[in-house]
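The values are calculated or read from the model by the stated rules, or taken from the named source; none is laboratory data. Source: prediction; values computed, not measured. In this analysis, Cβ positions are derived from the backbone assuming ideal geometry, glycine residues included, and neighbour counts consider all displayed protein chains.
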Amino acid sequence: MSNCNEHSGMETLVDVQNLKKWFPIQKGILSALSGRKIDYVRAVDGVSFHIRRGEVFGLAGESGSGKSTIGRCVLGLEKPTEGTICFDEINLAKISAEELRRLRRRMQVIYQDPLASLNPRMRIGEAIMQGLKIHYPDRAAEHRDLVIDMIQRVGLTPPQFYYEKFPHQISGGQRQRVVIARALITRPELILADEPIAMADVSVRALLLDLMIQLKKEFNLTYLFITHDLATAKYICDRIGILYLGKMVEVGSLESVYQKPLHPYTQALLAAVPVPDPHKRRKKEMPRGEIPNPINPPSGCRFHPRCPFATELCKQEEPELRELEPGHFAACHYAEQFL
Amino acid sequence: MTAQMTPNPEVEGVLTTEQWRRDLDRVGFVRRLLLARKWYGGDWWFVVVSAIMLIFVIIVGVFPQWFAPYNPRAEVGPALLAPGEVPLGYVLVTRGDANVTGLIDIAQPSNNIGFVVGTPASQALRDAVNRLKEEAREAGQTANYNPRPRRYQTIEDGLQALQENNIDGFIMNQSDAEAALANFPELVITGGLTEAAGKGFIFGTNQIGQDVFSRIIWGTRIALIVGLSSAVVAFVLGVPLGLISGFVGGPVDRVLTLIMDSLYSFPSIILALSIAAVLGAGIGNIIVAIAVVYIPTYFRIVRGQVLSVKEELYVDAARSLGHRSIEILTRYIFPNVIPSVVIIFSVNVSDAILTEAGLSFLGLGLPPDTPDWGIDLARGQDYLRRAWWLITFPGLMVSLVTLSFSMLGESLSEILNPRLSEL
Amino acid sequence: MEQKTVKDNDVLLQIRNLNVTYKTRFGPVSAVEDISFDIKRGEILGLVGESGSGKSTMGKALMRMLPRSAKVTGEMIFDGEDVMKYNEDQLRDFRGKRISMIFQDPMTSLNPVQRISDHVVEAIEVHEPETKKESALKRARTLIERLGIARRRLPDFPHQLSGGMRQRVMIGLGLVLNADLIIADEATTSLDVIVEAKLVDQFRQIRDEFGVSLLVITHNIALVAELCDRVAVMYAGQIAEIGPVEQVFDNPLHPYTKGLLKSVPNIRLDEREELYKMAGEPPSLTNPPSGCRFHPRCPFVMDICHRIDPRLDEVAPGRMVHCWLYEDHPEKETPTIEVAQ
């Protein structure tokens, strides 16, 4: 575990170093007694990155990439198996449970499923107010006004109308705005947005994205934006990291990664996303095979069984995430050929 | 108008304040009840009827003295009187030449008074003598009224004995008197001993002569006290244990589950019996015994619900907001677990009443003369042919109250459901 | 499993005036209102819409798999016969053999206690009972391999296969009986994007090889652009617009289509730098807006749109629109727009 002051700069809000999260698989009493080795699902297997203040950092990947787990570790909702998470130079592993709880005021979550993430028995006004009740209990007289103001700011008018409603009485798009309001009420600095618009209707997504961008400016927010939808990520992310099977394979500014992907997986991923233009159909061939089991990842470079450029080296040696251009990193032995 | 029907403010501009006030108004409880009518359709009246029945039962239980015409423990009439049956009047027959004016003349210990064995005549005589004693006492006199009873097999034997001056008086029922005396010209009717009650008893009387109806009314109070108290005790103990066990998990959970499962695996009557036997009789002990039987049910239901709600996303969201565990338990988990418990509570009450009746039936419950449905059922079981009313009415009451509680419990849980406001 | 010869009459399915109404606690819900369109042989038709547009109901209606509480009227002429008039036995024969469906959730579409080979063989046995077991197995094996699943996976159970493979098994179940039409209802929605891309290739391949028609029901507009020949846009239970995919994307006619296409994210950096934000939300189907159902959100709304619902008219060969902008009416103030050929 390293010190949080190492990679600092006033700019860095979140610093993740060599994060690993392994989930043990329960095998059953008999095998546990017989001393057989426990298998682990290596959801996150050594990921490092940092998030600058005020930016939108995207974490993209398919299923099994570990993106949601990383998000939860960054917010302290899961304890890492290994590695360090620093929030504003505070090492999350070194603070007490109570201090972590109070730290929550500064980092909040927007979930994918708004209906599931709202208490069905709590009215909207009350649900949003919880953050204030927890972190600003002494200003109780102002709570209601602050909540009304926030409801209005996320675009729900008249706010008093929505204040009294239950979650199931409003539409999906409106619910997601409520979730956003709930997250912002404590004026946090970091927002973990876990696929926030995936469940909204197509025509509503643009509105929600716009709202998130606008609120980011208004409240000086930093987003950790987790998504599997690279097309949407383009409209909000400043920098993006591509994950494959628990490892970061490419990181860089959105333009550089999308324009010049340096890792074969990134290339395949970008090509796979359909373009809403029938004249521009995909010509690139997709990698063979499927995402392997995270319990037993391939040796060396995890992508090697599917990579069209793989060599013997790729099978034996795991490539390091190295800087190929200023600010643009890739974990591939042969990344130079794509520059 | 559904919530979805309200025009989208983003398109149609800001809604007026009156609109949202009207909408707020819709959320009131009474309003929801009325809206529930649409939800239930035909069942709505069923629910209303059961609610009214239950309220009535509760009023009866709380104020039995308003409804019961007699003291439930008093022997107010002849035994085993059928419902509505008018009890017979009894008369004293004496020798015309003895110049007896009334019972008071021949009530000394030296007198003999006869009656047919096994008829209510003996009761009538006893009551009359007691009345004399009562009157004497009130008047301040001391007198010893204690005539010797003489039993005969038939009316004719008795009248014959009277004729032959072996006894001083004979008690017989009024309706037979005229016909019988036709054969005994020297005998006269001296006076009535009891008045016909005029009207009978609505539900008849039991083998001691207590009014069944009054006992039923007073029995409601016992049933409600025992039923509600044991349910409340079980609730107060079982629900928090279930909440904690499900939330905390780990060894605490395992130990508690083990205890509760063991209790649960006993048949409820056996368990209640054992506890009651250990604790002894008395209403408090009964309540405890029945409550213990039900704690595991609350525990299991609540624990199961907690386990599933614990995994819900909104609980995770609450944690990420910074809530403490206790706050999550009370504000997020408990309100979402409670609806399932409401039904259990109502079923619990009805079942507790049944269990208590069962215990009293077996003699392990309340003191024997308590006006209690179970006790009445027990005492009436031998009279199934002769006096069907002894068990029919207590049995009906148990069923009725049980039914009302269950039906109301189910409807309550629907009403408490906030989704009803969608209407 | 030979390639189908294209008949002179190349229309496979004709749907005329299809109406589906559900009975709910809140009143009748008109999920599909007066829909008419064709599906040609060997074409891939995309049916795109948001939630509540009625697209899933459409798919189920074509399979005649709606619950009893749904009232269905209209005509469905499949290869010359009106499917709406079929009785239960004919329907059972129809489903699976001539028309087949792939559902969204591959996890639950397959029987978890049945091996993959058994799934396919059973499908054959049910519809073609005279087939011998060995030849059925052989057919299953060949087909599964053609779909890209290794032969040795045949004795596996569904949970041993990945999501993408399960969807392929579902496709296989449709193909093994030489179905004429396969309906894919959000078949790729729950899959990863690379798996989805491969499945898109697979769909095209089976259409080329087997001549099968595909009805792709989805909310993913980019997917439709990638895969389909023709596209139908649904809104609030009606078809707003239908036509060849290039024409609809290059020149959308219906205001909803215009807005929708502008709000779809495009991964290419140099294209569509900003997303269009459409006002309002899809309407409730218990009480849809009067007249044209899109009028509360339409930037081109006219007076007549509030009152009268337009018809789905053919405004150019193969192009149909459901909008007053392109239809004549005596009460219209503005002139009708002519569509360039």
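Out of A:Pro292, A:Pro305, A:Pro297, report the one residue that is farther than 18 Å from C:Leu199 by Cβ, away from chain C (no Cβ under 11 Å) and in a loop (DSSP other than H, G, I, E, B).
Details: A:Pro292 fails: away from chain C (no Cβ under 11 Å); A:Pro305 fails: in a loop (DSSP other than H, G, I, E, B).
That would be A:Pro297, the only listed residue that is farther than 18 Å from C:Leu199 by Cβ, away from chain C (no Cβ under 11 Å) and in a loop (DSSP other than H, G, I, E, B).
Restrict the check to the range A:70-80 and report whether at least one residue is more than 20 Å from the chain's Cα centre (by Cα) and within 9 Å of chain B (Cβ to nearest Cβ). Write out each step before concluding.
Going residue by residue through the range A:70-80, those that are more than 20 Å from the chain's Cα centre (by Cα) are none.
Scanning the range A:70-80, I find no residue that is more than 20 Å from the chain's Cα centre (by Cα) and within 9 Å of chain B (Cβ to nearest Cβ), so the answer is no.
Scanning the range C:296-303 for residues that are in contact with a Phe, Trp or Tyr (Cβ under 8 Å, 6 or more places away or on another chain), more than 14 Å from every other protein chain (Cβ to nearest Cβ) and part of a loop (DSSP other than H, G, I, E, B) turns up at least one hit. Scanning the range A:147-184 for residues that are closer than 21 Å to A:Leu13 by Cα and more than 9 Å from every other protein chain (Cβ to nearest Cβ) yields A:Ile180, A:Leu184.
For C:Met1, the requirement of being over 27 Å from C:Ser284 (Cα atoms), of a type in the set (A, V, I, L, M, F, W, C) and either surrounded by fewer than 17 Cβ atoms within 10 Å (Cβ to Cβ) or at pLDDT 90 or above (or both) is met. What residue, of C:Arg311, C:Arg307, is more than 11 Å from every other protein chain (Cβ to nearest Cβ), under 23 Å from the mean Cα position of the chain (by Cα) and surrounded by fewer than 16 Cβ atoms within 10 Å (Cβ to Cβ)? Within the list C:Arg311, C:Arg307, the selection yields C:Arg311.
When C:Leu214, C:Leu143 are checked against the criterion of being more than 14 Å from chain A (Cβ to nearest Cβ), assigned to a helix (DSSP H, G or I), in contact with a helix residue (DSSP H, G or I) (Cβ under 9 Å, 6 or more places away or on another chain) and of a type outside the set (Gly, Ala, Ser), a single residue qualifies: C:Leu143.
Scanning the range B:353-385 for residues that are within 19 Å of B:Phe213 (Cβ to Cβ) and in a loop (DSSP other than H, G, I, E, B) yields B:Asp369, B:Thr370, B:Pro371, B:Asp372.
Applying a threshold of 6 Å to beta carbon distances and a minimum spacing of six or more residues, or different chains, the list of pairs starting in the range A:1-19 at a residue that is within 17 Å of A:Lys79 (Cβ to Cβ) and ending at one that is at pLDDT 70 or above and assigned to a loop (DSSP other than H, G, I, E, B) reads A:Cys4/A:Glu89; A:Leu19/A:Pro80.
Considering C:Tyr256, C:Tyr235, the condition of being among the hydroxyl-bearing types (Ser, Thr, Tyr), in contact with a Cys (Cβ under 8 Å, 6 or more places away or on another chain) and surrounded by 20 or more Cβ atoms within 10 Å (Cβ to Cβ) is satisfied by C:Tyr256 alone.
Of the numbered criteria (1) within 14 Å of chain A (Cβ to nearest Cβ); (2) within 24 Å of the chain's Cα centre (by Cα), the one C:His159 fails is (2).
Looking only at residues of the range A:143-162 that are among the β-branched types (Val, Ile, Thr) and in a loop (DSSP other than H, G, I, E, B), we find that the one that is modelled with the highest pLDDT is A:Val154. Only helices (runs of 4 or more DSSP H) whose full extent lies in the range A:213-282 are considered here, and the ones with at least 2 residues that are free of Cβ contacts under 8 Å to residues at least 12 places away in the same chain and within 9 Å of chain C (Cβ to nearest Cβ) are A:254-259. Restricting to the range A:108-126, and then to whatever is more than 8 Å from chain B (Cβ to nearest Cβ) and touching a strand residue (DSSP E or B) at 6+ places or on another chain (Cβ under 8 Å), can you tell me which residue is surrounded by the most Cβ atoms within 10 Å (Cβ to Cβ)? It comes out as A:Ile110.
Do we find that B:Val309 is more than 17 Å from B:Val349 (Cα to Cα), surrounded by 16 or more Cβ atoms within 10 Å (Cβ to Cβ) and either touching a strand residue (DSSP E or B) at 6+ places or on another chain (Cβ under 6 Å) or in contact (Cβ under 8 Å) with a residue 12 or more places away in the chain (or both) in this structure? Before you say what the answer is, go through the steps one by one.
Numbers: more than 17 Å from B:Val349 (Cα to Cα): yes; surrounded by 16 or more Cβ atoms within 10 Å (Cβ to Cβ): yes; either touching a strand residue (DSSP E or B) at 6+ places or on another chain (Cβ under 6 Å) or in contact (Cβ under 8 Å) with a residue 12 or more places away in the chain (or both): yes.
Against the criterion (more than 17 Å from B:Val349 (Cα to Cα), surrounded by 16 or more Cβ atoms within 10 Å (Cβ to Cβ) and either touching a strand residue (DSSP E or B) at 6+ places or on another chain (Cβ under 6 Å) or in contact (Cβ under 8 Å) with a residue 12 or more places away in the chain (or both)), B:Val309 qualifies.
Test C:Val193 against the stated conditions and say whether it is at pLDDT 90 or above and at the interface with chain A (Cβ under 10 Å from one of its Cβ atoms). In short, yes. Against the list (1) touching a Phe, Trp or Tyr at 6+ places or on another chain (Cβ under 8 Å); (2) within 13 Å of chain B (Cβ to nearest Cβ), the condition C:Arg293 fails is (2).
Based on this model, can you work out whether C:Asn287 counts as more than 30 Å from C:Pro335 (Cα to Cα) and at the interface with chain A (Cβ under 8 Å from one of its Cβ atoms)?
Working: more than 30 Å from C:Pro335 (Cα to Cα): yes; at the interface with chain A (Cβ under 8 Å from one of its Cβ atoms): no.
No.
Of everything in the range C:316-335 that is in a strand (DSSP E or B) and surrounded by fewer than 21 Cβ atoms within 10 Å (Cβ to Cβ), the residue that is farthest from the chain's Cα centre (by Cα) is C:Ala316.
Out of B:Asp376, B:Asp372, B:Asp351, B:Asp382, report the one residue that is surrounded by fewer than 17 Cβ atoms within 10 Å (Cβ to Cβ), modelled with pLDDT of 80 or more and away from every other protein chain (no Cβ under 14 Å).
Numbers: B:Asp376 fails: surrounded by fewer than 17 Cβ atoms within 10 Å (Cβ to Cβ); B:Asp372 fails: surrounded by fewer than 17 Cβ atoms within 10 Å (Cβ to Cβ); B:Asp351 fails: surrounded by fewer than 17 Cβ atoms within 10 Å (Cβ to Cβ).
Matching residue, one of B:Asp376, B:Asp372, B:Asp351, B:Asp382: B:Asp382.
The residue list C:Asp34, C:Asp93 contains one member that is more than 14 Å from the chain's Cα centre (by Cα) and not in a strand (DSSP E or B), which is C:Asp93. Scanning the range C:245-274 for residues that are part of a loop (DSSP other than H, G, I, E, B), facing chain A (nearest Cβ under 7 Å) and out of contact with any Asp or Glu (no Cβ under 7 Å at 6 or more places or on another chain) returns C:Ser263, C:Val264, C:Pro265, C:Asn266, C:Ile267, C:Arg268. Those residues that are modelled with pLDDT of 80 or more and outside any loop (DSSP other than H, G, I, E, B), I need them from the range B:107-122; list them, please. Selection gives B:Asn112, B:Ile113, B:Gly114, B:Phe115, B:Val116. Of C:Lys332, C:Lys277, all but one fail to be free of Cβ contacts under 8 Å to residues at least 60 places away in the same chain and within 11 Å of chain A (Cβ to nearest Cβ); the exception is C:Lys277.
Do the conditions hold for A:Ala231, that is, is it over 24 Å from A:Phe87 (Cβ atoms) and within 18 Å of the chain's Cα centre (by Cα)? Let's see the steps before the verdict.
On the way: over 24 Å from A:Phe87 (Cβ atoms): yes; within 18 Å of the chain's Cα centre (by Cα): yes.
Yes; evaluated as a whole, the condition is true for this residue.
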